[in-house]
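Below: one structure, written as structure tokens.
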């Protein structure tokens, strides 16, 4: 991967990236199970099939919403 430095926001909190990565790479790095979440990228909800194709850039905003079931 290409060495770069940039900042994004995850759920409103700053996050510093030191290398180029996709949304999928970010979720794996954070240890997040993609089967129980919804990802919003710059105010657009992503299909899970899009996670590997979107490369994060400076000032991107990611919202990770966890789905909770119950009865």
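The values are calculated or read from the model by the stated rules, or taken from the named source; none is laboratory data. Just so we're clear, the structure is a prediction, and the values are computed from it rather than from any experiment. Here the Cβ positions follow ideal geometry from the backbone for every residue, glycine too, while neighbour counts run over all protein chains shown.
Can residue 69 be described as without any contact (Cβ under 8 Å) to a residue 40 or more places away in the chain, in contact with a strand residue (DSSP E or B) (Cβ under 9 Å, 6 or more places away or on another chain) and part of a loop (DSSP other than H, G, I, E, B)?
It is false that residue 69 is without any contact (Cβ under 8 Å) to a residue 40 or more places away in the chain, in contact with a strand residue (DSSP E or B) (Cβ under 9 Å, 6 or more places away or on another chain) and part of a loop (DSSP other than H, G, I, E, B).
What residue, among those in the range 60-71 that are under 21 Å from residue 5 (Cα atoms) and out of contact with any helix residue (DSSP H, G or I) (no Cβ under 8 Å at 6 or more places or on another chain), is surrounded by the fewest Cβ atoms within 10 Å (Cβ to Cβ)?
That would be 61.
For the range 29-52, how many residues are exposed (fewer than 11 other Cβ atoms within 10 Å of the Cβ) and over 18 Å from residue 14 (Cα atoms)?
So the answer is 5.
All but one of (1) at pLDDT 95 or above; (2) within 12 Å of the chain's Cα centre (by Cα) hold for residue 59, so report the exception by its number.
Here residue 59 clears every test but (2).
Can you work out which of the residues in the range 29-59 that are out of contact with any helix residue (DSSP H, G or I) (no Cβ under 9 Å at 6 or more places or on another chain) and in a loop (DSSP other than H, G, I, E, B) is farthest from residue 5 (Cα to Cα)?
Residue satisfying both the conditions and the ranking: 47.
If I filter the range 18-28 for residues that are exposed (fewer than 15 other Cβ atoms within 10 Å of the Cβ), in a loop (DSSP other than H, G, I, E, B) and at pLDDT 95 or above, do I get at least one hit?
Looking through the range 18-28, none of the residues is exposed (fewer than 15 other Cβ atoms within 10 Å of the Cβ), in a loop (DSSP other than H, G, I, E, B) and at pLDDT 95 or above.
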